[in-house]
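Each remark here refers to the structure printed beneath this line.
The values are calculated or read from the model by the stated rules, or taken from the named source; none is laboratory data. The model shown is predicted, which means the values in this text are computed figures rather than measured ones. Using ideal geometry, Cβ is built from the backbone for each residue, glycine included, and neighbour counts are taken over all protein chains shown.
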Amino acid sequence: MAEKRWISETLFDDLGFRISYAAERVLYEMQTEHQHLVLFENKHFGKMLMLDGATQVTTKDEFIYHEMMTHVPILAHGRAKEVLIIGGGDCGIAEEALKHKAVERLTQVEIDASVVEFSKEHFPEFTRPVLRNKRFELVIEDGMKYVAETERRFDVIIVDSTDPQGPGAVLFTREFYAACKRCMKPGGVMVTQNGVPFLQPDELISSVRHFRKLFADAGCYVASIPTYVGGQMAMGWATDNPRLRQVSEKTLSDRYEKAGRFSTKYWTAAVHRAAFALPRFIAEHVAKASGRSARRARTA
Ligand code: SAM
């Protein structure tokens, strides 16, 4: 019997370690116009997508990241009608966002058509409900160009990007965040995939440093996703409405009820609130990025 292939995440090579997964089957592998893409089946995590050696999504733990990147900003905002996703290739975020019936228009701007194309075949649980939904619009374009040029204005912007390498690097720049602010409605909120602070502190510090120059309220919330190794992942938070992070558990529950109590496996109103309670080392990164002394780090 042929030796099983072990596929390694090379994202942390410079930190001196790799995580490897046994591939029961390699379903798809190609060098796209923008990045190296491999999809394989793993006994425990199911289908796993890696782009340029970084795990993007697995069928086993996708719900944690997709729910927290979507329901937190939309329910905190409370009246979101126009939502923009930058990146989001596999459509997992879009599938969660369309559960909110009050969202009238959802636009996804993805640079790499191949990721969406192959997701139609390999992640139909995401793409099927999304691509046939009349409220959904797919734009194949660089997210930086889109937010710099669009006339549209959005209540919520979700940056579901790769890491700051290759095509994703521009999505962590001040120019990109300033262009996102330009196309946000007053009181809008932006959330960003911001890495795992225990291993990638600079990614969070750099983004929050940009946010605080552009928005009244800048910080992050956290959740642990097993295949985003290294502990809690930080989801960047940027808005001019500081009250959005203070929305009470009661109000969040009422909004969830009003939104039709759609199915979730991770998000609850209590988990939402708790996600903003940061461990001190992450709070200190945010304080540092906000020019505040670590002693004055806000942990909630
Ligand atoms: N959740 C994953 C993570 O945390 O790493 C990200 C998932 S999603 C697959 C990331 C998507 O961002 C990819 O499909 C990639 O093609 C897209 N992307 C990267 N750079 C982009 C850019 N400049 N504009 C638009 N999409 C981009």
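For the residues Ile64, Ile93, Ile85, the requirement of being at pLDDT 95 or above and surrounded by fewer than 24 Cβ atoms within 10 Å (Cβ to Cβ) singles out Ile64. When Ala218 is tested against the conditions (1) surrounded by 20 or more Cβ atoms within 10 Å (Cβ to Cβ); (2) closer than 20 Å to His66 by Cα, the lone failure is (2).
Going by what's in this entry, would Leu98 be described as of a type in the set (A, V, I, L, M), in contact with a Pro (Cβ under 9 Å, 6 or more places away or on another chain) and free of Cβ contacts under 8 Å to residues at least 60 places away in the same chain? In short, yes.
Residues checked against (1) over 17 Å from the mean Cα position of the chain (by Cα); (2) part of a strand (DSSP E or B); (3) more than 14 Å from Arg273 (Cα to Cα):
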| site | (1), (2), (3) |
| --- | --- |
| Glu203 | no, no, yes |
| Ser207 | no, no, yes |
| Arg212 | yes, no, yes |
| Ala223 | no, yes, no |
| Val229 | no, no, yes |
| Gly236 | no, yes, yes |
| Arg245 | yes, no, no |
| Lys250 | yes, no, no |
| Ser253 | yes, no, no |
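Within the range 4-19, does at least one residue satisfy the condition of being of a type outside the set (D, E, K, R) and without any contact (Cβ under 8 Å) to a residue 12 or more places away in the chain? Yes, the range 4-19 has at least one match. Taken over the range 255-277, the criterion of being in contact with a helix residue (DSSP H, G or I) (Cβ under 7 Å, 6 or more places away or on another chain), in a loop (DSSP other than H, G, I, E, B) and closer than 28 Å to Ile205 by Cβ is satisfied by Tyr266, Trp267, Ala275, Phe276. What do you reckon, is Pro124 closer than 25 Å to Val271 by Cα and not aromatic (Phe, Trp, Tyr)? Here the answer is no, as Pro124 does not meet what is asked.
Candidates in the range 145-174 are the residues that are in a helix (DSSP H, G or I) and in contact with a Pro (Cβ under 9 Å, 6 or more places away or on another chain); of these, the one that is farthest from the ligand (Cβ to nearest atom) is Phe172. Taking the options Lys47, Lys120, Lys43, Lys60, name whichever one is in contact with a Leu (Cβ under 9 Å, 6 or more places away or on another chain), touching a residue at least 12 places away in the same chain (Cβ under 8 Å), over 30 Å from Lys250 (Cβ atoms) and not β-branched (Val, Ile, Thr). Selected residue: Lys47, the only one of Lys47, Lys120, Lys43, Lys60 that is in contact with a Leu (Cβ under 9 Å, 6 or more places away or on another chain), touching a residue at least 12 places away in the same chain (Cβ under 8 Å), over 30 Å from Lys250 (Cβ atoms) and not β-branched (Val, Ile, Thr). Taking the range 228-262 as the range and being buried (at least 21 other Cβ atoms within 10 Å of the Cβ) and under 22 Å from Gln193 (Cα atoms) as the test, the residues that pass are Tyr228, Met233, Ala234, Met235, Gly236, Trp237, Ala238, Thr239. The strands (runs of 3 or more DSSP E) found entirely in the range 30-128 that carry 1 or more residues being within 15 Å of the ligand (Cβ to nearest atom) and within 17 Å of the chain's Cα centre (by Cα) are 46-51, 54-58, 82-87, 105-110.
For the range 130-144, the condition of being within 16 Å of the ligand (Cβ to nearest atom), in contact (Cβ under 8 Å) with a residue 40 or more places away in the chain and under 15 Å from the mean Cα position of the chain (by Cα) holds for at least one residue.
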